[in-house]
Every structure is written in structure tokens, then in C-alpha cells.
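Let me begin by presenting the structure, written as C-alpha cells, before commenting on it.
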Amino acid sequence: MKRLKLLIIIFCLALSIPLSYLVLRTYQSLQHEEISQLRYFAEAMFREMEKELEGLVLREEKRDIDQYRYNYIPSDQVPGFEGISRSPLSKIPDKPYILGYLQNNPDGTFETPLVENQDAVPEDRSNLFSMLRQTNEIFNLKRTSEAESPAVEQQKAPDEERTDKQAGFADRYLSFSRSKRQKDTLGQEQKRIEQVPAKKALNISKRVRSKPVDENRDMMLSEKAEFYREDLLGRSPAQEDDRKSSPEKELHSNDLRVEVDPMQSVFIDDERVLLFRRIMIHNQIYRQGLVIKIDGLLSHLADNYFSSQPMSRFSQLRLKVMDREREVRFIQTGAFSKRPGYSLNRGFPRPFAFLQAELACDRIPLSEGRQTLNIMLTALAVTMLIGLFAIYKSARAVVDLADRRTRFVSSVTHEVKTPLTNIRMYAEMLEQKMASDPEKEQRYFRILGSESARLSRLIDNVLEFSKLENRQRSFDMREGNLADVIKETVEIMQEKLRQEGFALNVEEVDIPGFRYDREVMIQILINLIENSVKFGKALPRKEITISVRPEGKWIRIRVSDTGPGIPRHALKKVFDDFYRVEGPLTRSTSGTGIGLSLVKKFVTAMGGSISARNNDGPGCTITISLIGHQ
């Protein structure tokens with residue numbers, strides 16, 4: 001058994017090492033899959049945010065250059081019609097993060113499409129107008145104190161930072177290197193040149209005032225001509241005469257070359273950012289844009305793209321605005337994250353380079369594959385344990401059986417040798433006429449008969465056991481009430497009981513007849529009585545009781561003694577083949593270990609059952625249950 005245990009341990013280790021590695025790699029793959037899923041949807045959310053910001057920039061870049069005044073000249077108006085329309089920017093902004101629109105003139109003054117006349121500001125727009133004027137004043141101070149760069153840049157956040165540095169499973173199929181190289185700019189990247197009708201250039205100029213739609217067109221043209229000559233075109237009188245003499249040249253000369261820079265951003269204060277573009281007309285620079293409310297922008301992005309999503313239940317979004325190395329504002333929403341197991345950082349392109357986002361998650365939602373894997377691993381582990389346990393128990397049973405068989409052979413040899421020795425000894429004594437009187441001679445004959453019967457029963461038990469094992473034993477089932485069986489059993493065992501000093505009590509009641517094999521029942525009772533005599537002969541009280549009682553459909557046959565009893569752990573094992581209870585008493589008592597096993601096989605073959613229990617006092621009781629008369 002020690003070798004078997006060692007082999008099982010070696011087998012378990014040999015199987016567990018590769019299996020553990022497989023399980024570890026599988027869980028790692030599932031973890032990578034979970035991280036990749038979270039990264040995919042987090043990047044999708046950031047792309048949606050970026051898409052809205054890009055849409056905002058593109059809309060501002062496409063605006064006519066004179067829309068930042070209360071009245072403007074539409075680019076798509078009917079040719080030949082010089083009408084002026086109200087700017088679409090003259091309405092209060094509907095976006096919660098847009099304060100308003102303004103134009104910063106070359107001389108530092110400002111225009112806003114919110115009011116037509118700055119000297120007569122409507123009461124409902126006075127506060128907004130004051131904030132825009134203040135924004136323009138702060139912007140003028142920043143223009144004079146700092147050299148203006150093509151774009152206000154912030155330190156860009158790393159596109160992604162993960163606690164798990166290994167590539168996810170999706171990286172085997174899709175390369176994220178392109179997505180990691182984000183755009184540098186939302187909208188146009190380089191300065192662009194436009195040909196703008198002179199009338200639009202006139203409209204953005206501070207010198208031109210809005211004219212009613214029905215005014216004389218010639219008056220408008222004369223003002224244009226004066227404007228061209230003095231401010232924009234810088235033509236000489238000769239060039240002016242040449243223009244007048246050629247109407248076609250006049251038509252084309254009304255288009256001016258305008259330089260439009262990409263959108264830029266500059267901090268006004270910790271609550272506002274100015275998003276603007278530079279317009280250059282004949283070396284005159286105008287700055288047109290909108291004022292962004294920082295808190296409103298952060299709240300809008302968080303509410304629209306994160307707070308309402310299932311992701312917010314297990315992850316945390318942090319949006320922050322950075323002015324170089326200084327954190328100006330931040331908003332934090334979603335599930336609180338103490339020790340993020342995963343984080344994804346995102347910086348946005350110009351002109352929103354001041355905006356950064358971070359998604360953190362303590363515990364990523366488990367993949368559905370984990371549940372299947374856990375179930376399969378549990379089933380595999382249970383199956384392996386049950387299998388190994390079954391193998392161990394089977395091997396142990398085989399080893400125990402082999403050991404019991406060995407002991408059985410030794411016991412049978414001893415059991416056969418003892419009566420043969422006695423028979424030979426008493427036969428020699430009789431042969432040599434050592435019996436001095438007839439009484440002594442008769443005693444020798446009784447001993448010879450007893451030992452011969454003992455040897456015969458032992459041989460019969462072995463033969464019966466072999467027949468039952470090979471399923472060669474046939475039963476002669478006849479109806480009876482056991483009275484004659486008990487009587488014959490008492491007669492057979494009377495001499496043995498007398499010699500050992502045992503009292504045999506029989507408690508009989510009238511019972512209905514039932515079917516059983518008479519010879520088998522005699523052998524069963526003899527085996528049980530011999531077993532009680534063998535283990536109880538050294539005790540002071542020597543009693544054996546046989547009782548037969550009907551109980552429902554069963555006939556209960558009980559053989560009770562006053563012997564040492566059976567250890568509790570062996571009450572069921574005593575009926576196993578070749579089993580003998582380990583103890584001082586069994587070691588000093590001979591036996592083959594097939595008596596009770598043979599009894600059980602007989603009872604089972606007749607359709608009954610057998611059990612053993614210890615008495616409240618000394619001894620134990622063997623109960624045989626057979627089916628009564630149907």
C-alpha cells in the first residue's frame with residue numbers, strides 16, 4: 001500500500017503541474033480578453049467625445065468670416081443681391097458649455113453677434129455682454145504679455161497606460177499602433193487661403209456699419225471703393241483709374257485674399273477658455289471664436305458619454321483641464337476607485353489639448369467564459385479526485401482481500417491441523433488400548449466424533465463458500481416454521497455447548513410458515529452459535545438465546561449472546577470475506593474469517609438481510625430478516 005500511495009502521489013504531481021500551467025494560462029488569456037474589452041469600449045467612448053469636439057471645431061472653421069457680427073452677408077445669397085442677414089450666432093448659445101461668440105479686432109476692441117449696437121445692449125443680454133467684454137480685455141492682456149504662438153499647446157497625456165503591460169488577445173488580430181497615434185489637430189492642420197468677396201471684408205471691419213437692406217446699391221459700392229483704396233488694396237490713383245475703365249477687372253478685384261489659421265485655444269482664467277482663429281486681411285489680424293465654460297464642458301462630456309452608461313457602475317472617469325503643468329479643473333464620476341487594477345489615459349488633439357481623460361477600474365467585469373471554465377475545472381477536479389479515490393479504495397480492497405486470503409489459508413491450515421491432530425492422537429490412544437475403562441473409552445470416542453464433526457463443518461464451510469463465490473450453489477426452498485431446524489441445531493451443538501459450559505435458550509412463538517432452505521438454516525445457526533461460543537468461552541457469563549418472531553411481512557431470527565461484543569467500527573465489516581476484528585481476543589482465538597461472511601451470503605441468497613448490533617448489556621445480537629408467507 002505504501003508503494004501504491006507513492007505512485008498515486010507521483011501521478012497527481014505529474015498531472016497537476018501541466019494542468020496548473022494550462023489553467024494559469026487560460027485565466028491569463030481571459031484576463032487579457034477582459035482588459036481588451038474594457039479598453040475597446042473605453043476608447044470608443046473617448047472617440048465619441050473627440051468626435052463631438054471635432055464637430056464643434058469644424059463648424060467654427062466653416063463659418064463665414066463676418067458671422068461674428070450681428071449682421072452678415074451670406075455667401076450663398078443670390079448673385080447681384082447685396083442683402084444683409086442676421087448672424088446665426090446672434091442667438092443665445094444652446095450648448096451648456098458655450099458662453100458666447102466674439103471677434104477681437106486689430107486695435108483690441110471687440111465685436112459680438114449678440115448685440116447689434118454696443119451702445120444699446122438689451123437688458124437680458126447685458127450680463128453676457130459684460131462677460132464677453134471682460135474676456136476680450138483679458139485676452140488683450142495675454143496678447144501683449146505673451147508672444148502669440150500658432151497654437152496653445154499643453155503637455156499631451158499618454159494615450160494609454162495599463163497596469164498589465166502584456167498585449168491583449170485582440171492585438172494578435174488588430175494592430176492598435178494606428179489608433180495610438182492620435183490626430184494632432186481637430187479640423188484643419190495648416191493655414192488656408194481663401195478668396196473672400198470684398199463686401200464680407202467690409203462687413204467685419206470696424207469702420208463699416210450695417211446698412212438697411214433697401215438702401216441704394218451705389219452708395220454701398222462707393223463706400224467699398226473708398227475702403228479698398230484707403231485700407232485694403234492700397235492702390236495708386238493710376239491703378240484706380242485702370243480699375244474703373246475695366247468692369248471685368250472690377251468684378252474680380254472685389255475678391256480679397258484672406259489667410260485663415262487653424263483653431264487655437266488660450267486660457268482666460270480658471271473658468272473660461274477662448275477657442276479662436278486668426279483672420280488676416282491685408283496685414284490686419286482679427287481673432288474670431290467662442291468662449292468655452294470649463295465646468296460646463298466637463299459636465300457635458302461626463303453626463304452625455306459616461307454617466308448613463310453601464311460602464312459607470314464599475315469604473316471611474318476623471319476629466320481634467322491642464323494649463324501646462326497645473327491642473328485647473330477636474331470632474332470625477334462613476335464608481336469610486338481605490339486601487340485601480342486598470343487605467344486608460346487619453347489626451348485630446350488641438351485645440352482641445354488642454355483636456356485630458358482617465359478611466360480607472362478596480363475590478364474589471366468578469367468574462368462569461370470564466371464561469372464556464374470554473375464549472376469545467378470544478379467538474380474535472382471532482383472527477384479526478386473521485387477517480388483517484390476509487391482507484392485507491394479498489395487497490396486497497398484488493399490488497400486487503402489478498403491479505404485476508406493469505407490469513408485465511410493460514411487459518412484454514414491451522415483449523416484443519418488441530419482437529420486432525422486430536423483425531424490422530426485419540427485414535428492412537430484407543431489403538432494402544434490406553435483407555436483403562438469403558439467410560440474413558442467412550443469419552444475418547446465422543447472426542448473423536450466431535451473433532452470429526454468440527455473438521456467436517458470446516459470443510460463444508462469452505463466448500464459452500466467456494467460454491468457461492470462461483471454461483472454454483474443451489475437452494476431447496478421449502479415452507480416451514482423453523483421448529484425442526486432449531487431442534488436439530490440444538491441436538492448438534494448440545495455436546496459442544498456442554499463442554500464449554502454454555503446455556504442455550506430458545507424463545508419460540510407460533511409463526512406462520514415461510515420459505516427457506518432447511519439445511520442452509522441449520523448451517524447458519526450452527527455458525528452463529530459456534531461464533532458466540534468461540535469468543536465468549538473465557539467470560540464468566542455464558543448464555544446464548546435464539547428467538548424467532550414475526551414483524552410485519554418479515555420473520556426476524558435473532559441470535560444473542562453475552563460475549564465481548566463487536567467494536568462499533570466493525571459492526572458492518574464483520575460480514576466481509578475473510579474479515580477478522582483486530583484485537584487481543586481475535587489474536588488468541590483461531591478462526592478462518594468466513595463464518596459470518598458465509599452466513600450473510602446464505603441469507604442474501606434466500607432474499608433476506610442480516611445485521612449486527614451490540615446489546616445494552618454484554619454481548620451482541622445478530623438479526624436475520626427473511627420474507628414471511630406472502
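Each value in this text was obtained by applying a stated rule to the coordinates, not by laboratory testing. Predicted model, so just to flag it, every value in this text is computed and none were measured. Cβ sites come from the backbone with ideal geometry, for glycine too, and all protein chains shown count toward neighbours.
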Which one of Ile423, Phe314, Tyr392 is farthest out on the positive end of the charge dipole of the stretch 297-443, using unit charges on Cβ (Lys, Arg +1; Asp, Glu -1) and the Cα centre as origin? Phe314
GluC sites (Glu not before Pro) within the stretch 285-369: DSSP coil, no more than 11 neighbouring Cβ in 10 Å: Glu325
Using alpha carbon centroids, what distance separates the stretch 1-70 and the stretch 281-307, in Å? 33
Would you mind computing Rg(Cα) / (2.2 N^0.38 Å) for the stretch 474-627, counting N as its residues? 1.00
Given a cut-off of under 8 Å on Cα pairs at least six residues apart, what relative contact order in percent is computed for the stretch 319-404? 22
Under Karplus coefficients 6.51, -1.76 and 1.60, residue-wise ³J(HN,Hα) of the stretch 307-321 in Hz, glycine/proline x: 4, 8, 8, x, 4, 5, 6, 10, 9, 10, 10, 10, 9, 9, 10
Once a ≥ b ≥ c are taken as the square roots of the eigenvalues of the Cα gyration tensor of the stretch 25-105, is the result rounded (a/c under 1.5), prolate (a/b larger than b/c) or oblate (a/b not larger than b/c)? prolate
Short version: ³J(HN,Hα) in whole Hz for each residue of the stretch 544-555, in order, from phi by Karplus 6.51 cos²θ - 1.76 cosθ + 1.60 (θ = phi - 60°), x for Gly and Pro, what are they? 10, 10, 10, 10, 10, 9, x, 9, x, 8, 9, 10
Return the loop-located chymotrypsin sites (Phe, Trp or Tyr not before Pro) in the stretch 426-488 (DSSP other than H, G, I, E, B) with at most 16 other Cβ atoms within 10 Å of their own Cβ; answer none if there are none. Phe475
Enumerate the amide H contacts of Asp323 below 5 Å, restricted to partners 5 or more residues apart or on another chain; note that Pro and chain-start residues carry no placed amide H. Val328
If you restrict to DSSP beta bridges whose two residues both lie in the stretch 474-627, what percentage is antiparallel, to the nearest 5? 80
